[in-house]
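We did not get these values from a lab; they are worked out from the coordinates using the rules stated. Treat the numbers as computed from the prediction; the structure is a model and nothing was measured. Reconstructed Cβ throughout: ideal geometry from the backbone, glycine too, with neighbour counts over all protein chains shown.
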Amino acid sequence: MSPTHLSEHALEQLSMELLPAAEAASARDHLRECPDCRTRAEALGADTSAFLSTHAPDRFAARVLQQVERREEARVAASPWHRMWERLRTSLSIAVPLAVAAGIAFVVVPRGPAGHVETGDELPYVGTKGDVLFELHEEGTEAAVASGGTLHAGARIRIAVGHPRGGHLWVVGIGADGSPFAYAPLDGKAPLALGAGPLHLLEGAVELDDAVGPERWIALVSAEPIPWEQVVAAVKAAKPGERLPLEADQARLDLHRQAREGGGAPPGSP
Amino acid sequence: MSFFSPATLAETYRRFGPALARKGRRILRDASEVDDVIQEAFCRFVERGEPMRDPQATYAYLQRSVVNLCLDRIAGGRSQPTDPASQLFAAVPAPDRTGEVEARARLSLLLAGLDEETRAIGVLVLLEGQTQEEAAQSLGLSRRTVGTKLQKFEAHVRKRAERFEGDAGPTGEEQP
């Protein structure tokens with residue numbers, strides 16, 4: 001590219017209004033005279049508009065602030081002072097009558113936020129976009145199937161989902177051919193009602209057929225029920241790897257379907 | 001407690017989010033994972049305290065976070081790099097030389113011991129093709145600092161490669 005043209009960096013800085021005034025004025029002058037750069041600037045602007053049309057800033061800001069607040073609460077709950085207080089509080093219920101009798105004065109430390117006692121039995125937070133917690137568990141195994149993992153034909157899969165506000169849930173599988181399949185609910189008639197709460201297993205299990213190849217699983221939680229036909233249309237409209245253009249919080253796992261374990265080499269193997 | 005109002009944060013995202021997404025998509029293959037990275041970068045931005053007064057400093061912080069979070073995801077095996085990113089990291093050989101060299105192994109080797117700023121400079125200059133002046137501007141650093149850190153980046157890569165591959169190591173000069 002000719003050095004007289006604006007660089008990608010300059011165009012980007014101009015679009016974000018980060019260029020110093022004199023440089024910005026010079027860049028705008030150049031854009032008026034240079035159709036090539038103007039075309040590139042317009043493409044950048046179009047990409048920005050497209051991005052913001054599917055990534056609403058207000059919703060994004062709310063999600064970020066909520067996540068930060070939740071982390072802060074978790075940090076408080078995990079702090080040594082908070083733990084110490086919880087232990088002290090438990091022991092106080094036993095020790096206070098004895099202490100009073102013995103004339104011992106207790107120093108009470110301030111308590112952290114109510115309702116955030118570390119129990120150790122909650123499922124860990126899984127960082128996914130839009131607060132959807134989403135895991136797959138193969139029956140007979142303990143660990144969740146991680147993104148990038150393998151699902152074998154014939155395996156029985158339990159689906160676990162959690163969401164702080166709850167809503168209407170679809171769990172969608174998208175195979176190599178791009179066509180969607182409803183894993184939850186299996187009948188694909190209407191989304192499941194999902195209550196607000198932590199990660200929990202849905203009822204029933206999915207028994208996988210003999211399909212092989214890459215498969216993307218997406219959990220969609222929406223405030224309003226989304227018809228299956230709209231989910232299908234969104235899957236077809238989205239570019240590979242992009243978030244589905246739906247008003248729904250989403251989490252996904254990219255998996256690989258393989259033939260049954262011990263059932264021979266996968267297709268295509270020598 | 002947060003110093004950020006939802007409106008302030010939304011405006012920051014409206015202004016910088018699209019550019020950060022483009023940056024992340026040059027490194028990670030999966031666009032939705034870039035969305036997750038950007039959300040995490042903004043969380044850290046909020047957690048660090050008050051909003052910055054200088055928009056350039058805000059963008060520099062967010063950009064550095066996004067680049068490093070993307071690299072961490074690849075190094076941790078959670079995300080796949082784009083082809084250009086993979087080529088960049090292919091300069092570093094895998095330690096065992098058996099089978100196909102994975103970008104993840106290369107990247108882990110590449111990044112070990114490098115600070116976030118140096119990693120970001122390496123990506124902006126060697127992957128995105130920015131000049132040192134441009135990288136300095138977008139990261140809020142002096143041109144001299146960028147030059148020094150870029151040398152450090154290239155020397156680090158060379159040293160790491162020699163450690164694992166004898167004299168068959170990569171060189172920064174091979175990069176675009």
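Listing for the model above:
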{"quantity": "Charge sum, other residues only, whose C-beta stays under 12 Å from residue A:41's C-beta, Lys/Arg counted +1 and Asp/Glu -1", "calculated": "-1"}
{"quantity": "Summed side-chain charge close to residue A:193 - residues other than residue A:193 whose Cβ falls under 14 Å, Lys, Arg +1, Asp, Glu -1", "calculated": "0"}
{"quantity": "Sum of side-chain charges, residue A:176 neighbourhood, beta-carbon under 11 Å (Lys, Arg +1; Asp, Glu -1)", "calculated": "0"}
